[in-house]
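Heads up, the thing below is written out as C-alpha cells.
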Amino acid sequence: MCGIFGYAGPRPALPVLMDGLRRLEYRGYDSAGVAVWDGETLAVRKSQGRLDALARAVADGPLPGHTGIGHTRWATHGAPSGPNAHPQTDASGRFALVHNGIIDNAAQLRAELEREGVAFRSQTDTEAVVQLMAKLWRGDLVACMLETVRRLQGSYALVAMSAFAPGEICCIRRDSPLVVGLGEGERFVASDIPALLPVTRRVTVLRDGEPALLTAEGCRFFDADGRPVERGAEQIAWQRQSAEKGPYPHFMRKEISEQPSALRAALSAYTKDGALRGEALGLSPREARRIRRVVLVGCGSACHAAMAGRHGLERLCRLPVAVEIASEMRHRDLPLDERDLCVCISQSGETADTLAALRLARGRCRTLGVVNAVGSTLAREADSVLYTHAGPEIAVATTKGYTTQVLVLTLLALGLAGMRAGEADAQERAALLAGMARLPAQMEALTEGGEAVRRMAHACAGRTSLFYMGRGVDYAQALEASLKMKEIAYLHSEAYAAGELKHGTIALVEPGTQVIALATQPALLAKMAANIHEVRSRGARVLALAARSLSEGLRGEADEIWTIPDTEPLLTPLLGIVPMQLLAYETALARGCDVDKPRNLAKSVTVE
Ligand code: F6R
C-alpha cells in the first residue's frame, strides 16, 4: 500500500531510487514519482501508471543529484493521476514529501490552510501535510517534521526533503512501516526490508513517532521530542536472491516453488530431532494451561489460514476457537478476558485492520503474532511472536506466506496441546509431527504443476464463474483457492461449505457449471461424494482434489480427479492448496493477467 524509497550518499540518486521503487512496486502501482536535490532545486518528476511510465519520463530529462526520495502509489485520497502522485510539494516547491498511510484529519487541515490563502493542486491528504510543513518551517527539518506530525491524526510513514535543508532527508512513521538502511558511506530508507537487501543488510526499523535524519555523512535518530538518541542496527540474514525473481517468469511462480523450503525453514525453527522445541512457542506451560479460548484474527488469506488452523487447536487442545475477520472484529464489542489467547496472523505484520484488532486485544488478554516480516509492527506489538520463516514474499497474492501460517498454527496447536495435556494423546501428536516432517518432500512434486493443470486452466479461462466446495479444513482450502482465482485471474468464483450449497446456492448450478470439489478428509469422504453427486446430477462438471487413498471412493462421481499424497488429515490444506495456486496462476496466464500485480490491489494493506 504505497512504497517509499529514499537515498542519501555519493551515487547519483535517480537510478538508486528507481531500482528501489521497482522492488516496492508490488505495494502499489497506479502512479509514481521522485524528487531529487540537484544542489540548487528540488526537481520533481511524476507519472500516472506504473513505474515504467516514470522511467520513460525521467529518461527524457534525467535528474542529477545525490539525495532523493521516491514513491509508488496505491490511491486512497484522490484518483490515480499525475497531480495526485507523490512526491507532493508545497506551494513554493521547496518541500517535497512522500507518504504511505491515511491522514484522517486532512480535510480540516486543508480547509484551515485554504482559509489562510494556500492554494492546493491535488486531492491528496499528503498535500495538506507538506503545505503544513512549509507553514511550520522554522529552520530545522526534524523540528519541522515533529511539529507537523503533532497536528496529524491517522497513520503515516512520511519522508521529506526541503530546499532549505539541502542534502537532508527526514523520516518518521506512525502505524505504517519505514525502515532505515545503513550502507557503506550511504543511507537508505524504504517501506520494507526486502527492498533494502540488494543495497544493505544493516537496517533499523523506525519506532513510532521517532524521526531519523539521513544525509550522505550519516544517519541520526531522535526521540519524539527531538532529542538525539542512539539506535542500533540489525543485521538481516535473508539472502538478496530471496527478493529477486531469478529464472522464474513471475514472483508468484517462484514463491509457489519455494513452499517446500519455506516449510523446512519453519519446521527447523520450531522442531528439533523430530520433537517440538517447547520454548520456541513463547508461552510457558502455566500460561498454556490457563487458556480457555483461542481467538484467531486475520484478513484475506490470513483469515483462511486461521480457518484451516482452528481445526488443529480444537482437535488437539480441546479449546473453543473463534475465527475473526480483523476488519470486523475491530468494530465489534467482542468480549475478551485474561483467559483468552488472541492470535493475530499477518504475512506483512503491517495490515491496518489486524493491527487494530491486536491493539483492541492487548491488555485484555494474552496476544500472539504469527508473522512473516521480521521487525514489523505486529511482531513488535504482540506480547510474543511466532515467525513463519517464509522469507520475502513479493507477489501480491500470497502463497508461501499462507502455507507457512497454516503450518505454524498447527505447530502452535501441537505445542499448546503438549503443555496442556501432558502425555495424553501423545501418539496422535507424534504422528502429526512425523507427518509434518514429510510435508516438504511431498510438496516438491506438487509444485511442478503439469499438463493437467494447464489443460484445466485453459478450460477455466473461458468461463465466467467457478464454484469451489469442501468440508472442514477443505472448506478453508476452498476459500483460499477461490480467492487466488479471483484476485489474479479476475474470474468470479464462489467457495462453499459443501453442505451449504443446497441451502440456496445450488440454484446457480446449471449444465456445464465448473465445480472444484476438495475432498481430502477420510471422515467426510462419503458426504463429499454425495455433494459431488448433487451438483453433477444438475449438469455440473466436477474436478475433485482428493488424498490419494481416497480417490477410489470418488471414481465415477467426479469428471476428473487430481490427487495429493496421503498425509495426516490436519495437514492436507498444506498440500492441497498447491495445485489450486497453480490452477489460478495458469488461468491468470491464459487470460493475459498481470500475475504479480493484479489490478486494484496492493501487497500490504496499511489503511483501514
Ligand atoms: C491474498 C492476500 C491477502 C492477504 C491479506 C492480509 O492473496 O495476499 O488476502 O492475505 O491482505 O495480509 P497480511 O497477511 O500481510 O496481513
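The values are calculated or read from the model by the stated rules, or taken from the named source; none is laboratory data. This is a predicted model, so every value here is computed, not measured. Here the Cβ is made from the backbone with ideal geometry for all residues, glycine too, and neighbour counts use every protein chain on show. Ligands, DNA and RNA are excluded from the accessible area calculation, which covers all protein heavy atoms including side chains. Shrake-Rupley method; radii C 1.70, N 1.55, O 1.52, S 1.80 Å.
Taking all protein chains as they are arranged and a probe of 1.4 Å, the heavy atoms of Y585 leave approximately 10 Å² accessible to solvent.
For the stretch 51-92, the residues whose backbone nitrogen is under 17 Å from a point 7 Å from the Cα of R11, taken along Cα to Cβ, are 63-71.
For the peptides 472-483, 40-51, the ranking by packing is 472-483, 40-51, with the highest mean count of neighbouring Cβ atoms within 10 Å listed first. The HN-Hα couplings worked out from phi for the stretch 13-25 by the Karplus form 6.51 cos²θ - 1.76 cosθ + 1.60 (θ = phi - 60°) are 5, 4, x, 5, 5, 5, 5, x, 5, 4, 6, 10, 4 Hz, whole numbers, x standing for Gly and Pro. Counting only alpha carbon atoms, the long axis of helix 51-60 and the longest principal axis of the chain meet at about 30°.
For the chain, the alpha carbon convex hull comes to 156 Å³ per residue, rounded to a whole number.
Amide H contacts for A390 (H built 1.01 Å from N in the peptide plane; partners 5 or more residues away or on another chain; cut-off under 5 Å): none found. Seen through its C-alpha gyration tensor, with square-root eigenvalues sorted a ≥ b ≥ c, the stretch 28-164 comes out oblate because a/c lies at 1.5 or above while a/b is not bigger than b/c. The modelled label-to-label distance between H492 and E230, using points 7 Å beyond Cα along the C-beta direction, is 6.3 nm. In the context of the full set of protein chains, the chain has a per residue accessible area of 37 Å² (1.4 Å probe). What the Cβ-Cβ distance of E534 and S465 gives, at R0 = 22 Å and to the nearest 0.05, is a FRET efficiency of 0.75.
So if each residue of separation counts as 0.36 nm, and I subtract the Cα-Cα distance between A426 and R202, what length gain in nm does that give? My answer for the length gained is 76.3 nm. A cut-off of 5 Å between modelled amide H atoms, ignoring neighbours fewer than 5 places along the same chain, links S493 with L466. Could you derive backbone 3J(HN,Hα) for the stretch 367-378 from the dihedral phi with the Karplus parameters 6.51, -1.76 and 1.60 (θ = phi - 60°), listing whole Hz in sequence and x where the residue is Gly or Pro? Once θ is set to phi - 60°, the couplings for the stretch 367-378 become 10, 9, x, 10, 9, 9, 6, 5, x, 5, 4, 4 Hz.
Separation of the alpha carbons by more than 25 angstrom is noted, of K245/K484; K254/K597; K502/K597; K245/K400, for K502/K597. Taking 0.36 nm per residue of sequence separation and removing the Cα-Cα distance, the D140/A237 pair yields an extension gain of 31.3 nm. The stretch 561-597 and the stretch 1-61 have Cα centres spaced 36 Å apart.
Full extension of the chain segment joining N600 with E279 gains 111.4 nm, where the gain is 0.36 nm per residue of separation less the Cα-Cα distance.
With the full set of protein chains in place, find how many percent of the accessible area of the stretch 347-415 is carbon and sulfur; take the probe as 1.4 Å. Carbon and sulfur atoms account for 51 percent of the accessible area of the stretch 347-415. When you count the other C-beta atoms within 10 angstrom of each residue and take the mean per peptide, 539-551, 450-462, 3-15 line up highest first as 3-15, 539-551, 450-462. Would you calculate a helix-derived [θ] at 222 nm for the chain, using -39,500 (n - 2.57) for each DSSP H run of n ≥ 4 and dividing by the full residue count, to the nearest 500? It lands at -11000 deg cm²/dmol. Once the C-beta distance of A437 and S384 is scaled by a Förster radius of 25 Å, the resulting FRET efficiency is 0.50 to the nearest 0.05.
Note that the stretch 339-354 has calculated 3J(HN,Hα) couplings of 9, 8, 10, 9, 9, 9, 10, 7, 5, 6, x, 10, 5, 4, 5, 5 Hz, one per residue in order, obtained from phi through the Karplus relation 6.51 cos²θ - 1.76 cosθ + 1.60 (θ = phi - 60°); glycine and proline are x. As I understand it, the value is the acute angle between the Cα axis of helix 125-136 and the longest principal axis of the Cα atoms of the chain; what does it come to in degrees, rounded to 10? The angle comes out at about 30 degrees.
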